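Participant: Before we start, here is the structure in question, set down as structure tokens.
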Amino acid sequence: MNQVFIAGTACTAVREHYDRSLLDLALEALHGAVGSLDPSLIQALYVGNALGDTLSEQSQLGAYIAGAAGLNCEAVRVEAAGASGALALRQGYLAIASGQADVVVVLGVEKATDKLDAALQAALALGLDGELERALGLTLTGAWALLMQRYLHEYQLPATAFAPFAVNAHANGAGNRHALYRFAINAQKWANAGQIAEPLNMLDCSTVADGAAAVVLVSQRYAREIAQPIAIVGSATSSTNVALAQRPDLLWLEAAAASGNNALQQAKLKRDAINIIELSDPHGIAAALSLEALGYAERGHATQLAAEGVIAKDGALPLATAGGYKARGDVGGATGVYQVVELVAQLRGQAGANQIANAKTALAQCLGGVGATAVTHILQVAEV
Amino acid sequence: MNLPKQWRLKGQRYRLEGQRHSDGRVRFPAQPAKLGEASDAWQPYQLANTGELYSWTAQRSNRNEFDHEPIVLVGMIKLADGCMITAQLTDCEPSELQIGMAMEAVTRSWGKVGDDDLLVYGYKFRPKLAD
């Protein structure tokens, strides 16, 4: 396997971009990431997108975006609900690692606000089991709420145990100019928020919005030309049953555990070597179950990591340092690429007010649906 | 309009048709054999129609087909035969729901489909009525 390096990165601000199309957002991110690189060197474009055919009524996004960018190369759209962008990154990684390509671009893009909220909820629910869950009215938020309700029951916790995840995300979002919500909240405000899908309240639910992020991946051949190369030292994905009722253990994210373990094994790293982490955290329960699946907390104890400040910027395992889903904004299938753009900024010391000192190794894990797909990447400052 | 799909699903939705393995395991809905399984390892089986509430939620932000309902109650029910099923809950308020409470299946309207407003029926669960 050849080594894979991240060169250029860029993302748009996450907003309700009513005046901009999916293509506008995609091209802004592509221009930013590619920069002065000769476009003729690009051998493939991998587009991570979850909702384009439903909400933007456009399929074949690979060719659609490549054509608009002036690229005549392999162009593929990758779909795995919220994990689409991360899975597109994995396809780009494999293209370089296998020696098939020396330069590829990975784009995550989502345009969520062309339709009203009920239609957006319907589109997001496509990541559930169509016949067993979506048909009876379950929403993606409702599915996570089922997990949270059971978690609270099994571990005898109050819902407020999850507040520190959102408080942490908002504290970090305040320092990210690309974030959708740039303000802090506190536990009291969290506790007073109205219910969305009991026991999930409004401040425990991310807002789905528009955005695009892109990264350029290169082989060793081009890595020497990069000012601060970042290596992808681990890349792994796994899957489990989409339908919650068909999982042997509702509160164990099996795919998240498998992909995390495999990525760490590939990187030859222990989990405590990770300096900074990004997870799928649209709700506190998602972050908690991911932390448990990755082995950072015993089952039923992940909320303690948040309560004790372990996930804060000055903690041992900073989480969501650009605001996570809750404050940066939930960019659907683009999220996996946003996570990597944000972590690369940290590893290059370019994260501004949210910079974590001496961050050398980072882990990004992105889930599709309620964790039916999980993709994990481990990034490290490289010396070439 | 997806009439063929609604027709195809009538067994699982009207009669809770699942499958039982020769070793006693039960699954829902009926499905083809997994890779490595004998094609006759699973036989048709009608699920138990009672069980316990395993988890639940009260959705207040719903997708378009359900947007007319202020709250959609959804639960997971662990049936008496061990099978887990996700279903809408009916004939109850959120304040009545407790994990572990006894539930029973009923057949109710799931809503309308397509331009002709085809009425689709299927299983829902409610708190078990006293014997």
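A short reminder: the numbers here are calculations on the coordinates, not readings from a lab. This is a predicted model, so every value here is computed, not measured. FYI the Cβ positions are ideal-geometry reconstructions off the backbone, even for glycines, and counts take in every protein chain you see.
Participant: Please give the net charge around B:GLN88, taking every other residue with its beta carbon less than 9 angstrom from that of B:GLN88, where Lys and Arg add +1 and Asp and Glu add -1. Intermediate values should be presented prior to the final figure.
Facilitator: Working: positive: B:ARG108, B:LYS124; negative: none.
Computed value for this residue: +2.
Participant: For A:GLN43, what is the net charge nearby, where nearby means another residue's Cβ is under 15 Å from its Cβ and Lys, Arg count +1, Asp, Glu -1? Before the final figure, lay out the partial values.
Facilitator: Values: positive: A:ARG221; negative: A:ASP38, A:GLU74, A:ASP102.
Spelling it out: positives minus negatives among the neighbours equals -2.
Participant: Now for a separate question. Restricting to DSSP H runs of at least four residues, report the calculated mean residue ellipticity at 222 nm for the protein assembly as shown, -39500 (n - 2.57) per run over all residues, nearest 500 deg cm²/dmol.
Facilitator: Working: 16 runs with 143 residues, N = 515.
So the calculated ellipticity at 222 nm is -8000 deg cm²/dmol.
Participant: Please find, in a Gaussian network model of chain A (springs between Cα atoms separated by less than 10 Å), the residue of A:ASP117, A:ASP19, A:ASP314 whose mean-square fluctuation is greatest.
Facilitator: Judging by the Gaussian network model, the answer is A:ASP19.
Participant: Follow-up. Charges at C-beta only: +1 for Lys and Arg, -1 for Asp and Glu. How large is the resulting dipole of the range A:1-123 about its Cα centre, in Debye rounded to 20? Don't skip to the answer; put the middle values down first.
Facilitator: Working: 6 positive and 13 negative charges, 43 e Å.
In debye, rounded to 20, the range A:1-123 gives about 200.
Participant: Over the range A:337-384, what is the relative contact order in whole percent, taking alpha-carbon pairs under 8 Å and six or more residues apart? Could you put the intermediate results ahead of the total?
Facilitator: Working: 48 pairs, mean separation 15.4, N = 48.
Relative contact order, the range A:337-384: 32 percent.
Participant: Among B:TYR45, A:SER59, A:LEU157, whose Cα sits farthest toward the positive end of the charge dipole of the protein assembly as shown (+1 at Cβ of Lys/Arg, -1 at Cβ of Asp/Glu, about the Cα centre)?
Facilitator: A:LEU157
Participant: Let me ask you something else. With an 8 Å Cα cut-off and a minimum separation of 6 or more residues, compute the relative contact order for chain A in percent. Kindly include the intermediate steps, with their values, before the conclusion.
Facilitator: Numbers: 939 pairs, mean separation 101.3, N = 384.
Across chain A, relative contact order equals 26 percent.
Participant: Mind jotting down the three principal axis lengths of chain B based on Cα atoms? Whole angstrom, largest first.
Facilitator: Reported extents, whole Å, longest axis first: 46, 39, 27.
Participant: Separate question: Could you tally the net charge around A:LEU251, taking each other residue with its Cβ under 10 Å from the Cβ of A:LEU251, Lys/Arg +1 and Asp/Glu -1?
Facilitator: On the way: positive: A:ARG150, A:ARG247, A:ARG299; negative: A:GLU154, A:ASP249, A:GLU292.
Value of the local net charge: 0.
Participant: Something else about it: In Å, what is the Rg of the alpha-carbon atoms in chain A, and how long is Dmax?
Facilitator: Every Cα atom of chain A included, Rg and Dmax give 19.0, 58 Å.
Participant: Right, something else. Please report the relative contact order for the range B:1-75, taking Cα pairs under 8 Å with a sequence separation of at least 6, and give it as a percent rounded to a whole number. Could you put the intermediate results ahead of the total?
Facilitator: Working: 80 pairs, mean separation 16.7, N = 75.
Relative contact order comes out at 22 percent.
Participant: Quick check for me: using +1 on Lys/Arg Cβ and -1 on Asp/Glu Cβ, what's the dipole size of the protein assembly as shown about its Cα centre, in debye to the nearest 20?
Facilitator: Details: 40 positive and 50 negative charges, 125 e Å.
It works out to roughly 600 debye.
Participant: A follow-up question, please. Which residues' amide hydrogens lie under 5 Å from the amide hydrogen of A:VAL233, considering only partners 5 or more residues apart or on another chain, with H built in the peptide plane?
Facilitator: For A:VAL233, the qualifying residues are A:ILE378, A:LEU379, A:GLN380.
Participant: Let me ask something else about it. Looking at chain B, how many pairs of lysines come closer than 18 Å at the Cα, when each pair is eight or more places apart or spans two chains? Could the numbers behind the result be given before it?
Facilitator: Numbers: B:LYS5/B:LYS112; B:LYS10/B:LYS112; B:LYS10/B:LYS124; B:LYS78/B:LYS124; B:LYS78/B:LYS128; B:LYS112/B:LYS124.
Eligible lysine pairs with Cα atoms under 18 Å apart amount to 6.
Participant: For the range A:1-132, what are Rg and Dmax over the alpha carbons, in angstrom?
Facilitator: Answer for the range A:1-132, Rg first and Dmax second: 15.2, 49 Å.
Participant: Okay, next question. For the charge dipole of the range B:3-127, defined by +1 on Lys and Arg C-beta atoms and -1 on Asp and Glu C-beta atoms about the Cα centroid, which residue among B:LEU119, B:GLY24, B:LEU73 has the Cα displaced farthest towards the positive pole?
Facilitator: Of the options given, the answer is B:GLY24.
Participant: Residue by residue through A:128-135, how many Cβ atoms from other chains fall within 10 Å of the Cβ on average?
Facilitator: Values: counts 1, 1, 1, 6, 6, 3, 2, 11.
Counting Cβ atoms of other protein chains within 10 Å of each residue's Cβ and averaging gives 4.
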